[in-house]
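Here the structure comes first, spelled out in structure tokens, and everything after it is commentary.
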Amino acid sequence: MIMHVITNFTASAGAETMLTRLLRISGSQRIVVVSLMGISGRNRALANNPRVTYVALEAGVPTALVGAIFTLTKLIRQERPTVVLCWMYHAMIAGTIAAGLSRQHTRVFWNVRQSLDDPSSLSRSSRIAIAVSKLLSRRAAGFIYNSSRALEMHGAYGYSNHNAIVIPNGFDLPPLSAPVSRIAKRIGIAARFHPQKDHATFFHAATLVSQTHPDVTFTAAGHGLSWDNPAVVRLIADAALPPGRIELQGEVADMAGFYQGIDILALSSRTEGFPNVIAEAMSFAKPVVTTNVGDAAIVVGDGGIAVPARDPQALAGAMRTLLDAGPGGYARYARNARERIESEYTLAAVEAKYLEFLNKI
């Protein structure tokens, strides 16, 4: 039996989404998912698996983490999982300590979802957890990284990285009903409002593109991306981006509709591991402009363009390249994007890699 331990299963970022996908297609075995914080109805619904038992430890503040570790210890003794798979840094710390205290013959694996391109963009809590995890890393039975860059950077930082493997995220392939040959006119970004995602660079790039392509519009989806968020409004004003040129959608439940409603996906992050939104957009045959962080450039391949992080001019230039490609050029990028996901990142292939690695003696 596998026990997944994750920091916060109420979130809807890449790690949480990937876990729901694995839960949805898992076989007949019983699974326990433990969240250090909470568990959302959204993620339960996406997993859609009656064999999964969920436990929320409600450790929403650092002072509650010690109690959560002791509760997790009792759960491991009770459930006796063969494998504990810890998703993200705080869960790695809690899962490793709890498994040790439980004195069960349980192998603990770490699932690292973040590269270290720009640690300053991460929260203080995350930076502390990264440092503490380094000290505990020799106690892990193995490591799953979702990007080769993350593996390399964590090794350089001091993580043990014995028995390490790179397994990218996996994706369902939506049916394509619309032709991909078109003149691109709408650029979207899908990322929660967080310094790591660097929306300031995206807004400045949008302003630059607006000056040369007055018929292009922009849309931003993600938690916190709304007009009632003063910090977002301030960034848009600082970028001198006319409010009428950009739509703020907030958190979007229908991501398929979001991807179908744009022509180009942009990502302006300062650091990433494996950006889910890139591959998701590409599965809908949408070309991508991204910063070269984590494995973003590897994922995009010839389905888009990668540029340096924190460079609005470069991001705007890449956007213009796709906008000016014309229907034929756009169609080539779009076909390349879809074919890359079909050949490299299907969910079934990724699940098989997880099972093979975790069941390895």
Exercise for the section: Give the residues of the stretch 55-69 that are part of a strand (DSSP E or B) and in contact with a helix residue (DSSP H, G or I) (Cβ under 9 Å, 6 or more places away or on another chain), sorted by residue number. Expected result: Val55
Practice task
Would you mention how many residues in the stretch 26-69 are farther than 17 Å from Ala98 by Cβ and either among the hydrophobic types (A, V, I, L, M, F, W, C) or buried (at least 20 other Cβ atoms within 10 Å of the Cβ) (or both)?
Solution key: 8
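So which residues in the stretch 304-361 are of a type in the set (Asp, Glu) and closer than 30 Å to Gly142 by Cβ, if there are any at all? So that I can check it myself, show each step before the final result.
Filtering the stretch 304-361 for residues of a type in the set (Asp, Glu) gives 311, 324, 339, 342, 344, 351, 356.
Selection gives Glu342, Glu344, Glu351, Glu356.
Here is a check on your reading of the model: is Val293 β-branched (Val, Ile, Thr), more than 20 Å from Thr207 (Cβ to Cβ) and either without any contact (Cβ under 8 Å) to a residue 60 or more places away in the chain or outside the structural domain of Thr217 (by TED's automatic domain parsing) (or both)?
On the way: β-branched (Val, Ile, Thr): yes; more than 20 Å from Thr207 (Cβ to Cβ): yes; either without any contact (Cβ under 8 Å) to a residue 60 or more places away in the chain or outside the structural domain of Thr217 (by TED's automatic domain parsing) (or both): no.
Judged against the criteria, Val293 is not a match.
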Problem - All positions within the stretch 1-50 that are assigned to a helix (DSSP H, G or I), closer than 19 Å to Gln114 by Cα and among the aliphatic types (A, V, I, L, M) - result: Ala15, Met18, Leu19, Leu22
Exercise for the section: Output the residue which, of all residues in the stretch 218-235 that are outside any loop (DSSP other than H, G, I, E, B) and in contact (Cβ under 8 Å) with a residue 24 or more places away in the chain, is nearest to the chain's Cα centre (by Cα). Expected result: Ala221
Practice task
Determine if the stretch 319-340 includes at least one residue that is crowded, with 24+ Cβ neighbours inside 10 Å and within 15 Å of the chain's Cα centre (by Cα).
Solution key: no
Handout entry: All positions within the stretch 286-307 that are surrounded by 24 or more Cβ atoms within 10 Å (Cβ to Cβ), part of a loop (DSSP other than H, G, I, E, B) and modelled with pLDDT of 95 or more
Key = Lys286, Pro287
Practice task
For Gln260, work out the one condition from (1) surrounded by fewer than 17 Cβ atoms within 10 Å (Cβ to Cβ); (2) more than 20 Å from Gly222 (Cα to Cα); (3) touching a residue at least 60 places away in the same chain (Cβ under 8 Å) it doesn't fulfil.
Solution key: (2)
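Could you count how many residues in the stretch 208-217 are surrounded by 15 or more Cβ atoms within 10 Å (Cβ to Cβ) and without any contact (Cβ under 8 Å) to a residue 60 or more places away in the chain? Even if it seems obvious, please write down each step before you answer.
Pass one, the stretch 208-217, residues surrounded by 15 or more Cβ atoms within 10 Å (Cβ to Cβ): 208-210, 213, 216-217.
Still in the list and also without any contact (Cβ under 8 Å) to a residue 60 or more places away in the chain: 210, 217.
Final tally of qualifying residues: 2.
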Exercise for the section: Pull up the stretch 255-285, narrow it to residues that are outside any helix (DSSP H, G or I) and of a type in the set (A, V, I, L, M), then point me to the one that is farthest from Ala184 (Cα to Cα). Expected result: Leu267
Practice task
Evaluate the following for Val350: is it touching a helix residue (DSSP H, G or I) at 6+ places or on another chain (Cβ under 9 Å), at pLDDT below 95 and in the same structural domain as Gly14 (by TED's automatic domain parsing)?
Solution key: yes
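The values are calculated or read from the model by the stated rules, or taken from the named source; none is laboratory data. Just so you know, these numbers come straight off a predicted model, no measurement behind them. Every residue, glycine among them, receives a Cβ derived from its backbone with ideal geometry; neighbour counts consider all protein chains shown.
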